[in-house]
Amino acid sequence: MATTDTLADLVARVPDLDTGGGKKKGRETGKLTGPPWPEAIRDIFDPVLAGGRDAIVGLVGMLTEVDDGRDYKARYTLHGLCVYVCRKGKEKERAVVIDALGAQLGGSCPTPIQEVIVWELETVGDERAVPALAPLLNDPTVGPDAVRTLVAIRDGAAEPIRKALAQAKGPMRLHLVQAAGQLGDKQAVPHLRKAATAADADLRITARWALATLGDAWAADLCLKGARASGWERIKAVKACLLLAETLAAARDKRAATDVYTRLREACGADRDAYVRDACDRGLMELG
């Protein structure tokens, strides 16, 4: 197992910044080119991985809360490892990295360090990282990053997103609504319908889009109500109606799709809405 000194020596093998960057607040600045990949694997990544879980935890411990560039070698090493273990044949090492990173989330771990871990889990994580990410979903600081990472992982992500959405308030609710739509979670529909009637316009817009993406026929009233609004909300509501009709048509729900196209066409009788009526006519024609 690698000792702290050995780990520090390995991280120190990352090349110094390219010259010519100058100085800033007593430190050199410049671009990091990094070692050739085969050398990084041989001299840095494989030796660090040989240290197992403790080496990964130790690497996280070398990160600084303020990203001022002073810990760039540790950050490079951590990210490089996350990329490296995603290759075929490194499944066991990947599991070790996921476990080690996930174990650092929550508790006394500083928020800026948790953010770095969550970002790296977006690269290396799979469904094994979901239990560690789920508790962060109501955190206003780390939560948005955790949502994005869970959407990237996908497998096993829908349930914790849905549970968090059921209780979410404030800005996090918007992130979770969007995630539910991206994940295609039809079980989240009741929460999305509720969000589509919220006081916040951005939340209503996003919820309508999510419902349209999921092909929720009962969302037609909500989307058409938005089409009677004004400005940006109306534009997005019309798009949601068209998307809903297309989704329903793709699901071979001809009756529901026809209903959405017909009602949207009737709601858009003004001269400025000629393009909307044309889109509805084309959709109806394709439905036969």
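The values are calculated or read from the model by the stated rules, or taken from the named source; none is laboratory data. Since we're looking at a predicted model, the values are computed, not measured. Backbone-built Cβ (ideal geometry, glycine too); neighbour counts: all protein chains shown.
Figures for the structure shown
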quantity	calculated
The stretch 120-143: number of residues that are among the acidic types (D, E) and either in a helix (DSSP H, G or I) or in contact with a Leu (Cβ under 7 Å, 6 or more places away or on another chain) (or both)	3
Unique residue being under 21 Å from G125 (Cα atoms), in a helix (DSSP H, G or I), in contact with a Leu (Cβ under 9 Å, 6 or more places away or on another chain) and of a type outside the set (D, E) when the list is I41, I56	I56
Failed item, numbered, when A279 is tested on (1) part of a loop (DSSP other than H, G, I, E, B); (2) buried (at least 18 other Cβ atoms within 10 Å of the Cβ)	(1)
Candidates A188, A198, A207, A180 - the one that is under 14 Å from K225 (Cβ atoms) and either touching a Phe, Trp or Tyr at 6+ places or on another chain (Cβ under 9 Å) or surrounded by 19 or more Cβ atoms within 10 Å (Cβ to Cβ) (or both)	A207
Cross-chain or 6+ apart pairs with Cβ under 7 Å, the stretch 242-260 first and within 17 Å of V276 (Cα to Cα) and free of Cβ contacts under 8 Å to residues at least 40 places away in the same chain, then crowded, with 20+ Cβ neighbours inside 10 Å and of a type in the set (D, E)	none
Residue check for K88: among the basic types (K, R) and buried (at least 17 other Cβ atoms within 10 Å of the Cβ)	no
One residue from Q114, Q182, Q104 being among the polar types (S, T, N, Q), more than 28 Å from L63 (Cα to Cα) and out of contact with any His (no Cβ under 9 Å at 6 or more places or on another chain)	Q182
Flag for Q104 being polar (S, T, N, Q) and either in contact (Cβ under 8 Å) with a residue 40 or more places away in the chain or more than 30 Å from A201 (Cα to Cα) (or both)	yes
Per-region count, the stretch 44-68, residues more than 14 Å from D9 (Cα to Cα) and not hydrophobic (A, V, I, L, M, F, W, C)	8
Residue in the stretch 80-103 that is in contact with a Leu (Cβ under 9 Å, 6 or more places away or on another chain), small (G, A, S) and not in a helix (DSSP H, G or I) present	no
Residue match in the stretch 10-32 (condition: under 29 Å from L136 (Cβ atoms), not aliphatic (A, V, I, L, M) and not in a loop (DSSP other than H, G, I, E, B))	no
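One line per residue, one yes/no per condition, for (1) in contact with a Ser or Thr (Cβ under 7 Å, 6 or more places away or on another chain); (2) modelled with pLDDT under 95; (3) buried (at least 17 other Cβ atoms within 10 Å of the Cβ):
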residue	(1), (2), (3)
T6	no, yes, no
K31	no, yes, no
D46	no, no, no
E65	no, no, no
L78	no, no, yes
D99	no, no, no
G107	no, yes, no
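Residues checked against (1) under 10 Å from H175 (Cβ atoms); (2) crowded, with 20+ Cβ neighbours inside 10 Å; (3) in contact (Cβ under 8 Å) with a residue 12 or more places away in the chain; (4) among the acidic types (D, E):
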{"site": "D126", "(1), (2), (3), (4)": "no, no, yes, yes"}
{"site": "A129", "(1), (2), (3), (4)": "no, yes, yes, no"}
{"site": "L133", "(1), (2), (3), (4)": "no, yes, yes, no"}
{"site": "N138", "(1), (2), (3), (4)": "no, no, yes, no"}
{"site": "A146", "(1), (2), (3), (4)": "yes, yes, yes, no"}
{"site": "R154", "(1), (2), (3), (4)": "no, no, yes, no"}
{"site": "A157", "(1), (2), (3), (4)": "no, yes, yes, no"}
{"site": "I161", "(1), (2), (3), (4)": "yes, yes, yes, no"}
{"site": "A164", "(1), (2), (3), (4)": "yes, yes, yes, no"}
